[in-house]
Amino acid sequence: MRILVVNPNTTASMTALIGGCARAAVSPGVTVDVVNPTSGPVSIESHYDEALAVPGVLEAIAAGESDGYDGYVIACFGDPGLYAARELARGPVIGIAEAAMRTAGYLGRSFSVVTTLARTLGHAQDLAHSYGAAERCAGMHACDLAVLELETDPVARQRVLDTCRAALAADRSDVIVLGCAGMADFCAELSSVLGVPVVDGVAAATAEVEKLVRLGLRTSKRGEFAPPPSKGALVGG
Ligand code: 5HY
């Protein structure tokens, strides 16, 4: 089995971090490759960033189809390009936000999302509604850290921990969902300190792709996720 994980931003160190967490989530014998677009935003923190990132995500998925990958992860909490990617791919395509929210639903009555910048909270709420997870989401909270500060700020881990603790208290929730792929390597430590399940969407999504492929399940091509109508070459593309 071969899974392709796409980091939609162009920060190589974050792609490497994502790769390590994704590989730790799969069974022996499952190959996980990780890529990021060659051009696009270094981090995705706005609708504008997300719009700029989607073409690179779709190029990676199209290349993965040519290379025969069995399934895909979109490793950014906004799940950029998820539905378009499902139109291109034969196998499953799982975004880390959807995977994390659905996984959290198995572990407690309610979950809290802890993400980076407050400006992304609305989009995360929209995703929760679109995935049918909103009624299980007790609250969404921002650390007020930029995505790349997760790697560079020496107090980032403490900031994330403090925000998780405050979220659990304010929301009286049972589970934490990490709202950024860049938090993936904080997951085990946070869960140990907080004493609650902490879900990292990178691991959850990658394990979900393995499960679906192992069950012989693929994206349905019957309706919405059928291949896009051919439009010939992109004008000026
Ligand atoms: C992510 N941005 O997971 C999101 C997190 C966010 O570059 N990778 C990014 O803040 O939406």
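The table for this structure:
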read-out	value
Leading residue by the ranking (farthest from the ligand (Cβ to nearest atom)) among those in segment 10-25 that are over 21 Å from residue 199 (Cβ atoms) and part of a loop (DSSP other than H, G, I, E, B)	10
Residue satisfying condition, being outside the structural domain of residue 141 (by TED's automatic domain parsing), closer than 23 Å to residue 23 by Cβ, within 16 Å of the ligand (Cβ to nearest atom) and of a type outside the set (Lys, Arg), within set 89, 85	85
Residue 65 vs. criteria part of a helix (DSSP H, G or I), within 16 Å of the ligand (Cβ to nearest atom) and either acidic (Asp, Glu) or touching a residue at least 40 places away in the same chain (Cβ under 8 Å) (or both)	no
Some residue of segment 9-17 being within 30 Å of residue 222 (Cβ to Cβ), at pLDDT 95 or above and within 17 Å of the chain's Cα centre (by Cα)	no
Sole exception among (1) crowded, with 23+ Cβ neighbours inside 10 Å; (2) assigned to a helix (DSSP H, G or I); (3) away from the ligand (no atom under 16 Å from the Cβ) for residue 3, by number	(2)
Selection count where residues are of a type in the set (A, V, I, L, M, F, W, C) and part of a loop (DSSP other than H, G, I, E, B), scope segment 68-80	3
Meets criteria (away from the ligand (no atom under 12 Å from the Cβ) and within 23 Å of residue 46 (Cβ to Cβ)) for residue 133	yes
All positions within segment 105-120 that are among the aliphatic types (A, V, I, L, M) and outside any helix (DSSP H, G or I)	107, 113, 114, 117
Any pair with Cβ under 9 angstrom, 6 or more apart, that starts in segment 212-235 at a residue that is farther than 20 Å from residue 73 by Cβ and ends at one that is hydrophobic (A, V, I, L, M, F, W, C)	227/88; 228/84; 228/88
Segment 35-62 - residue that is within 11 Å of the ligand (Cβ to nearest atom) and among the hydrophobic types (A, V, I, L, M, F, W, C) and, of those, farthest from residue 183 (Cα to Cα)	53
Residue match in segment 193-208 (condition: at pLDDT 95 or above, touching an Asp or Glu at 6+ places or on another chain (Cβ under 6 Å) and not aliphatic (A, V, I, L, M))	no
Options 214, 218, 222; residue that is in contact with a helix residue (DSSP H, G or I) (Cβ under 9 Å, 6 or more places away or on another chain) and basic (Lys, Arg)	218
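Okay, residues lined up against (1) crowded, with 21+ Cβ neighbours inside 10 Å; (2) without any contact (Cβ under 8 Å) to a residue 24 or more places away in the chain; (3) not basic (Lys, Arg):
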residue	(1), (2), (3)
57	yes, no, yes
71	yes, no, yes
86	yes, no, no
98	yes, no, yes
102	no, no, no
105	no, no, yes
111	yes, no, yes
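The values are calculated or read from the model by the stated rules, or taken from the named source; none is laboratory data. Since the model is a prediction, treat every value here as computed from it, not as a measurement. Backbone-built Cβ (ideal geometry, glycine too); neighbour counts: all protein chains shown.
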